[in-house]
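Asker: I have a structure here, written as C-alpha cells, and I will follow up with some questions on it.
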C-alpha cells in the first residue's frame, strides 16, 4: 500500500516534517513574555475561557522575574544536556502573545532571536489578536527566521465558542489562518474534542471544516477538566453535559477524524496531559508517544490513513 507521504506513517507526522525541514534536531523552548489576554484584562472578559488554566502547560523556569534571555538559557540548558548540536525555537506560549503594540512585540521577539542558539519563533495567540501591522511585521521577520503563529481555534461551532467564553467566532480563526498563509507565515491550529454541547458528528465535521483552510500544522487534544476553571464548576454541577472520552473511544474517534482530514495537514499532537495536581478528569496517564502507538496500531488494524475519505477540491 502507498500512502500520500514518503515515510511509512499512516498520517502526516510532525517529527518527520521537522527533521526534513531543518536537517537537525530542533526543540521548542517555552518563555513567558508577560503578555495578557483580552479575555482576562477586561477588554472582552475578566475570567478567561471556561476551560483555561495556564499553569497546566507552563514550565517551572518560566517566571516573569526572569528576562526572556534568562528563561531561554534555562530551557536550553535542560535540552542541551542530551544533544549538544540542537537548535531551538523560542515558544511564546502563555496567554496571547500578539496582544500588544507592535513596538512591544518587536522588543520581546527580537530579544529571543538574539540568543545564539535560537533560530526562530513559535507564537501562541488568539485569532482575534492580530492586525495588519503585526502580520506585516511577522511576514518580514519570517524572511530571516522560522516563524509560526499557533492559533487557539478550539471549535468550529460558534455556539460552542460562545458557551466556553472564547470571545470570538470561527470566522475570526478563518481570517487569521488565511492571512498568515497568504503572507508566508507558518501557522498551526489548536482544537479541542469533547467540548460541552458537541457530539461525534460535530467533531467529524470539525475535520472537514479545518481541511478547507490553509492550515499547516494541527494540534488536537481531548477535553480535560482542570482545577481552578469555570468549567470545573460546571462539571461538578452538571457532569451529564460533558463527554469525557476513555482512551479507546478517543483512539477510534481520531481514526475517523484522520480519514476526513486533508492529508497535507501536519499532525503535531493528538492529546494533552495536565499535571496530576491540576487535573480533575479524565485521568489517562498517557504520554503523547504512548497514545500515538495505540493510534498507529488502530490505523493498521483498520487499514486506513489520513485523508482516505478526504474530498479534494475540484482540479486537485
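None of the figures in this text is laboratory data; all of them are computed from the coordinates on show. Nothing here was measured: the structure is a model prediction, and the numbers come from that model. FYI the Cβ positions are ideal-geometry reconstructions off the backbone, even for glycines, and counts take in every protein chain you see.
Asker: If a residue has to be closer than 19 Å to residue 224 by Cβ and crowded, with 20+ Cβ neighbours inside 10 Å to count, how many in the range 195-210 make the cut?
Answerer: 4
Asker: Only one residue in 121, 141, 161 is free of Cβ contacts under 8 Å to residues at least 12 places away in the same chain and buried (at least 19 other Cβ atoms within 10 Å of the Cβ). Which one?
Answerer: Residue meeting the stated conditions: 161.
Asker: Can you tell me which residues in the range 144-158 are crowded, with 22+ Cβ neighbours inside 10 Å, over 13 Å from the mean Cα position of the chain (by Cα) and within 25 Å of residue 120 (Cα to Cα)?
Answerer: 147, the sole residue that qualifies.
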